[in-house]
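Worksheet: the structure to be examined is printed underneath.
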Amino acid sequence: MGRLFWKFFLSFWLTLLIASVSVGSFVWLQNAAKNDELGDLKLLDYHASSYVAVASDIAQQQGEAALKSFLQQLETAGMTEVFVVNNEHSDILGRNVDLATLNQARQLFAKGKRRLVEQVFLQDTPYLFYAPLAEPEPLKPHFKKRWVLKHLPLLLMIISGLVASLLFSALLAWYFTRPIRHLKQAFSDVAQGKLDTRVATAMGKRQDELAELGENFDFMASKISALVNGQRQLLHDVSHELRSPLARMQAAIGIAQQQPDKVPTTLVRLEREAERISDLVGELLLISRMETGIEHSQETDVDMAELIGGIVEDARFEAANKAISIDMQSNADISLYGHQELLHRAIENLIRNAIKFSDAGDTIRINSHYDSAQKQLHISVEDEGPGVTEADLKRIFRPFFRASHNQRQDGIGLGLTIAQQAIAAHHGHILAENRSEGGLRIVIILPDKS
């Protein structure tokens, strides 16, 4: 159960508690209203209930004669008088009966006030037993105005229920709409380009689903900010990369116009720069397709040993021109389900990158092995080049990255970025680290989904 559930649960229980108190007040006030119907005077002796009880017991057990004898003894002794009156308002001893007192006794009997007022049948005739006060006493009313007393219970129940509902509705509305208002404003700010907007601090110390929603919003905003900033940086880098070949092309055209004898050489230069621009655009389109999830080809079973072997054989021709040797070791005779084109591009970029930063006489080591316990294919490419600084290791897979200390700037700078995107498309990982012996090691980890 979520925290919001318990907050709703407690709120409804508090509302029910207030409603129960209201109902209890209604019952109490209703009884008070019934008691007030007796009038303004108390005409019965509430302390003489024991005499009334004794008289009723004598009447039931010993009969009418014994009852009259008991009543006469009470009268002779000057003690509390107990009247025994039938339906014709006649007392069993023939005493004068006060009708107001008799009516009050009948009202109390009807309300179930036993022992204070008793009824006994003598010879099938009902007699009412009660003890009147010698001098009537004023009743203490619960309210000064009787009409208020009669109508207040219902009004109190309605008003208390309404107040409780309004109170808890207002509290719940404030409690839940306050963070929602912050989120609404935050969404509006992000839509207006304020990507540094965060709402976690505005949520306070809340520990519920709305606070988690605020944290998710902050995570989303940070991701959007990183993506937008990355796109801006990419656009800046692309414009910078395009500016250089375009500037060289313009310069070459100017030379050709001024020196017609150099037109063939200029055309070769223009062709080379055009190819560079074409390669750059192609690499950018490839990255864009991979980032947006557009499939390049149908997934098939890729024989990794054959794929890596073919790439290494092609790379040996390029490496031979620089007197660089390639040492390959592999026990990964398995097939992975994926895009052969992307996997080929990723591994080829790593090997060509290693060749570019190696010197004559260096050895590039390629190792691939299958971890049957983890069901993962590990491919590592090691070179003996200059490596990169620790700070650059975190940025090596960014578009157009070039190591700050490296003078070899002949390249677009998208090879490792494409490799990372291609491996990520196969739910794998790619890592870079400096070797203790010198040089760089890049490791690809691909999961076996079969």
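The values are calculated or read from the model by the stated rules, or taken from the named source; none is laboratory data. Quick caveat: nothing in here was measured; it's all calculated off a predicted structure. Neighbour counts are summed over all protein chains in view; Cβ atoms, including those assigned to glycine, are modelled from backbone coordinates with ideal geometry. Only protein heavy atoms, including side chains, enter the accessible area calculation; ligands, DNA and RNA are left aside. Shrake-Rupley method; radii C 1.70, N 1.55, O 1.52, S 1.80 Å.
Only a single item in (1) under 22 Å from Ala319 (Cα atoms); (2) modelled with pLDDT of 85 or more; (3) charged (D, E, K, R) is not met by Glu433, and it is number (1). Residue check: Ile379 meets all listed conditions (1) open to solvent by less than 40 Å² (accessible area, probe 1.4 Å); (2) not in a strand (DSSP E or B) but one, namely (2).
Among the residues making up the stretch 109-156, a single one is at pLDDT below 85, in contact with a strand residue (DSSP E or B) (Cβ under 6 Å, 6 or more places away or on another chain) and in a loop (DSSP other than H, G, I, E, B): Leu139. Filtering the stretch 181-191 to residues that are open to solvent by 70 Å² or more (accessible area, probe 1.4 Å) and of a type in the set (D, E, K, R) leaves Arg181, Lys184.
For Ala59, state whether it is at negative phi and open to solvent by 50 Å² or more (accessible area, probe 1.4 Å). Talk me through it step by step, then tell me what you get.
On the way: at negative phi: yes; open to solvent by 50 Å² or more (accessible area, probe 1.4 Å): no.
Against the criterion (at negative phi and open to solvent by 50 Å² or more (accessible area, probe 1.4 Å)), Ala59 does not qualify.
Listed conditions (1) part of a helix (DSSP H, G or I); (2) modelled with pLDDT under 75; (3) open to solvent by 60 Å² or more (accessible area, probe 1.4 Å) are all met by Glu283, apart from (3). Within the stretch 192-208, residues that are polar (S, T, N, Q) sit with their Cβ atoms under 8 Å from residues that are not in a loop (DSSP other than H, G, I, E, B), at 6+ positions apart or across chains, in these pairs: Thr197/Ala186; Thr197/Asp189; Thr197/Val190; Thr197/Ala221; Gln207/Arg3. Quick check: anything in the stretch 72-87 part of a helix (DSSP H, G or I), at pLDDT 85 or above and open to solvent by less than 70 Å² (accessible area, probe 1.4 Å)? Taking every residue of the stretch 72-87 in turn, at least one turns out to be part of a helix (DSSP H, G or I), at pLDDT 85 or above and open to solvent by less than 70 Å² (accessible area, probe 1.4 Å).
Looking at the stretch 227-238, is at least one residue among the polar types (S, T, N, Q), surrounded by 15 or more Cβ atoms within 10 Å (Cβ to Cβ) and modelled with pLDDT under 85? Quick ask: steps written out before the conclusion?
Taking the stretch 227-238 first, the residues among the polar types (S, T, N, Q) are 229, 231, 233.
Then drop every residue that is not surrounded by 15 or more Cβ atoms within 10 Å (Cβ to Cβ), which leaves none.
No; the residues of the stretch 227-238 include none that is among the polar types (S, T, N, Q), surrounded by 15 or more Cβ atoms within 10 Å (Cβ to Cβ) and modelled with pLDDT under 85.
Scanning the stretch 337-366 for residues that are assigned to a helix (DSSP H, G or I) and of a type in the set (D, E, K, R) yields Glu341, Arg345, Glu348, Arg352, Lys356. Against the condition over 46 Å from the mean Cα position of the chain (by Cα), closer than 18 Å to Ala425 by Cα and either open to solvent by 60 Å² or more (accessible area, probe 1.4 Å) or modelled with pLDDT of 85 or more (or both), how does Leu343 come out, does it pass? For Leu343, the condition - over 46 Å from the mean Cα position of the chain (by Cα), closer than 18 Å to Ala425 by Cα and either open to solvent by 60 Å² or more (accessible area, probe 1.4 Å) or modelled with pLDDT of 85 or more (or both) - is not met. Taking the stretch 192-216 as the range and being assigned to a loop (DSSP other than H, G, I, E, B), open to solvent by 90 Å² or more (accessible area, probe 1.4 Å) and either touching a Pro at 6+ places or on another chain (Cβ under 8 Å) or modelled with pLDDT of 80 or more (or both) as the test, the residues that pass are Gln192, Lys194, Asp196, Arg198. Kindly check whether there is at least one residue in the stretch 95-118 that is buried (at least 18 other Cβ atoms within 10 Å of the Cβ) and over 14 Å from Leu43 (Cβ atoms). Among the residues of the stretch 95-118, at least one is buried (at least 18 other Cβ atoms within 10 Å of the Cβ) and over 14 Å from Leu43 (Cβ atoms), which makes the answer yes. Exactly one residue out of Ile412, Ile396, Ile423, Ile444 is under 39 Å from the mean Cα position of the chain (by Cα), within 26 Å of Ser244 (Cα to Cα) and either at pLDDT 85 or above or not charged (D, E, K, R) (or both), and it is Ile396.
Please find, among Ile308, Ile294, the residue that is assigned to a helix (DSSP H, G or I) and either at pLDDT 85 or above or open to solvent by 60 Å² or more (accessible area, probe 1.4 Å) (or both). Don't jump to the end; show me each part of the working.
Numbers: Ile294 fails: assigned to a helix (DSSP H, G or I).
So the residue among Ile308, Ile294 that is assigned to a helix (DSSP H, G or I) and either at pLDDT 85 or above or open to solvent by 60 Å² or more (accessible area, probe 1.4 Å) (or both) is Ile308.
Would the stretch 347-358 turn up any residue that is farther than 30 Å from Pro245 by Cβ, open to solvent by less than 70 Å² (accessible area, probe 1.4 Å) and in contact with a strand residue (DSSP E or B) (Cβ under 9 Å, 6 or more places away or on another chain)? No, the stretch 347-358 has no match at all.
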